[in-house]
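What follows is a set of notes on a single structure, which appears directly below.
The values are calculated or read from the model by the stated rules, or taken from the named source; none is laboratory data. Keep in mind it's a predicted model, so treat the numbers as computed, not measured. Cβ coordinates were reconstructed from backbone atoms using ideal geometry, including for glycine residues, and neighbour counts include every protein chain displayed.
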Amino acid sequence: MSTPSILILPGDGIGPEVMAEVRKIIDWFRANRALAFDVGEDLVGGAAYDAHGVPLADATMEKAQEVDAVLLGAVGGPKYDELDFQLKPERGLLRLRKEMDLFANLRPAQCFDALAEFSSLKADVVGGLDIMIVRELTSGVYFGEPRGIVKEGNERVGINTQRYTESEIARVARSAFELARKRSGQVCSMEKANVMESGVLWREVVTEVHAAEYSDVELSHMYADAGAMQLTRWPKQFDVIVTDNLFGDLLSDLAAMLTGSLGMLPSASLGAQMENGRPKALYEPVHGSAPDIAGQGKANPIACILSFAMALRYSFDKGDEATRLEQAAEAVLADGLRTPDLMGPEGGSPVSTSEMGDAVIAKLSASL
Ligand code: IPM
Ligand code: MG
């Protein structure tokens, strides 16, 4: 079998710094676990715009289609705020998601014990929290037509369209049910069936797929606004949440903050199976490019490192090695190592991005 391939797209802001730590981890697995990857690197977002005048070059798009997994750092920054809408760094990421057809976005929100005190909620509300948001990623109001800003009489009108086909709903529902079977067997589906027809259809299709294929899983439904409220009230009532593109964008930021730091959370965006049996896949931290701290060694590399752990699990069928890496990250936190984003008001002496990466590697080595 040929060596599995990875395309690294570090992107903008803190993307390159956190990705440098992932590179070290990849090297560690090659040297110590006989896990070799064919690693390529290219540009995305503002970095691609600076080099090529577009946020994602066609050649990069082609490479992304060919590899077994894409690892992305972050895109965006104030430097690009004035750019034409189609040239903004975010469009590069959205093009990757759409053209690779990465319809299922897995966003775990897990509260590490060592960090429960950093949550804005009480430690007993978030301690031990472990939920998975499955966000539909290639349709809905992000991509629906018609869209644009048009002139109607004397004024401009901004238009976006929420649109879901049955098959789009069914396939992401299946992803959620499959995951639930490997977890605690519970799915909560969120939409606004009380005001939106797309929400009515969403609820119907999820219910049908459940009845036909997954009746062993426990299914509940919630309006997305009530879901947001319940997520802050008692998040541990949830296991897997499945929802659409826009609600998933909002709810996953909310869930991320429950865990204390956005700097900790990974994500996987998965599409259909390729010929080699692997899903099309892109892995990225949930955090953004954090331009205010870029280039200063202050960024927390753990979300990006844990995104690579998700790649080991979902693309390369190395669940054991993924767990090894996740445990190494958790052990480093338990030892009290903190990047600046994890410092409480009382302060302390934070470690740098690369010190954090090195500490994870030391724990990996200790695990052998
Ligand atoms: C996310 C981000 C993106 C989104 C942006 C950067 C396009 O907020 O991944 O959650 O809105 O999907
Ligand atoms: Mg978002």
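Any idea which of L35, L56 is more than 21 Å from the chain's Cα centre (by Cα) and either of a type in the set (A, V, I, L, M, F, W, C) or modelled with pLDDT of 95 or more (or both)?
Working: L56 fails: more than 21 Å from the chain's Cα centre (by Cα).
On inspection, the qualifying residue turns out to be L35.
Residues of segment 108-131 being out of contact with any helix residue (DSSP H, G or I) (no Cβ under 6 Å at 6 or more places or on another chain) and within 22 Å of K182 (Cα to Cα), which ones?
P108, Q110, G128, D130, I131
Please verify whether R163 is in a helix (DSSP H, G or I) and either hydrophobic (A, V, I, L, M, F, W, C) or surrounded by 12 or more Cβ atoms within 10 Å (Cβ to Cβ) (or both), treating the condition exactly as stated.
When the stated conditions are applied, R163 does not pass them.
Just one of the numbered conditions (1) within 16 Å of ligand 2 (Cβ to nearest atom); (2) without any contact (Cβ under 8 Å) to a residue 40 or more places away in the chain is not true of S269; which one?
All conditions pass for S269, except number (2).
Consider I26 against the criteria (1) assigned to a helix (DSSP H, G or I); (2) more than 22 Å from A362 (Cβ to Cβ): it satisfies all of them except one. Which criterion is unmet?
With respect to (1) assigned to a helix (DSSP H, G or I); (2) more than 22 Å from A362 (Cβ to Cβ), I26 is out only on (2).
What is the one condition in (1) of a type outside the set (K, R); (2) part of a strand (DSSP E or B); (3) free of Cβ contacts under 8 Å to residues at least 12 places away in the same chain that L72 does not satisfy?
Among (1) of a type outside the set (K, R); (2) part of a strand (DSSP E or B); (3) free of Cβ contacts under 8 Å to residues at least 12 places away in the same chain, L72 violates only (3).
Looking at segment 338-356, which of its residues are part of a loop (DSSP other than H, G, I, E, B) and either surrounded by fewer than 17 Cβ atoms within 10 Å (Cβ to Cβ) or outside the structural domain of V18 (by TED's automatic domain parsing) (or both)?
As a first pass, look at segment 338-356 and keep what is part of a loop (DSSP other than H, G, I, E, B): 338-339, 343-352.
Across segment 338-356, the qualifying residues are M343, G344, P345, E346, G347, G348, S349, S352.
Being assigned to a helix (DSSP H, G or I) and not assigned by TED's automatic domain parsing to the domain that holds Q296 narrows it down to one residue among L94, L115; which is it? Spell out how you get there, then give the answer.
Numbers: L94 fails: not assigned by TED's automatic domain parsing to the domain that holds Q296.
Just one listed residue meets the conditions, L115.
Here's a check for you: in segment 285-298, which residue that is within 17 Å of P78 (Cβ to Cβ) and more than 10 Å from ligand 1 (Cβ to nearest atom) is surrounded by the most Cβ atoms within 10 Å (Cβ to Cβ)?
Step one: list which residues in segment 285-298 are within 17 Å of P78 (Cβ to Cβ), which gives 287-296.
Within this subset, residues satisfying the condition of being more than 10 Å from ligand 1 (Cβ to nearest atom) are 290-296.
Working: A290: 23, P291: 17, D292: 11, I293: 18, A294: 17, G295: 11, Q296: 13.
Within segment 285-298, the match that is surrounded by the most Cβ atoms within 10 Å (Cβ to Cβ) is A290.
Checking L254 against (1) part of a helix (DSSP H, G or I); (2) touching a residue at least 60 places away in the same chain (Cβ under 8 Å); (3) within 16 Å of ligand 1 (Cβ to nearest atom), which single condition isn't satisfied?
Every condition holds for L254 apart from (2).
If I filter segment 299-321 down to residues being within 23 Å of L254 (Cβ to Cβ) and in contact with a Gly (Cβ under 6 Å, 6 or more places away or on another chain), which single residue comes out as nearest to ligand 1 (Cβ to nearest atom)?
Among residues in segment 299-321 that are within 23 Å of L254 (Cβ to Cβ) and in contact with a Gly (Cβ under 6 Å, 6 or more places away or on another chain), the one nearest to ligand 1 (Cβ to nearest atom) is A303.
List every residue pair whose Cβ atoms sit under 9 Å apart, with the two residues 6 or more apart in sequence or on different chains, where the first one lies in segment 275-295 and is over 18 Å from P340 (Cα atoms) and the second, anywhere, is within 16 Å of ligand 1 (Cβ to nearest atom) and assigned to a loop (DSSP other than H, G, I, E, B).
P279/L102; K280/M100; K280/D101; K280/L102; A281/M100; A281/L102; L282/M100; L282/L102
Please work out if G263 is within 26 Å of L121 (Cβ to Cβ), under 14 Å from the mean Cα position of the chain (by Cα) and part of a loop (DSSP other than H, G, I, E, B). Walk me through how you get there before you give the answer.
On the way: within 26 Å of L121 (Cβ to Cβ): yes; under 14 Å from the mean Cα position of the chain (by Cα): yes; part of a loop (DSSP other than H, G, I, E, B): no.
Here the answer is no, as G263 does not meet what is asked.
Looking at segment 197-229 only, could you name the residues that are out of contact with any Lys or Arg (no Cβ under 7 Å at 6 or more places or on another chain) and surrounded by 16 or more Cβ atoms within 10 Å (Cβ to Cβ)?
Result: L201, W202, R203, V205, V206, H210, Y214, L219, M222, G227, A228.
Looking at segment 124-144, which of the residues that are within 16 Å of ligand 1 (Cβ to nearest atom) and in a strand (DSSP E or B) is nearest to I169 (Cα to Cα)? Break it down into steps so the answer makes sense when it comes.
Start the filter on segment 124-144 by keeping residues that are within 16 Å of ligand 1 (Cβ to nearest atom), which leaves 132-144.
Pick out the ones that are also in a strand (DSSP E or B) and you get 132-136, 144.
On the way: M132: 18, I133: 15, V134: 12, R135: 11, E136: 8, G144: 14 Å.
My answer is E136.
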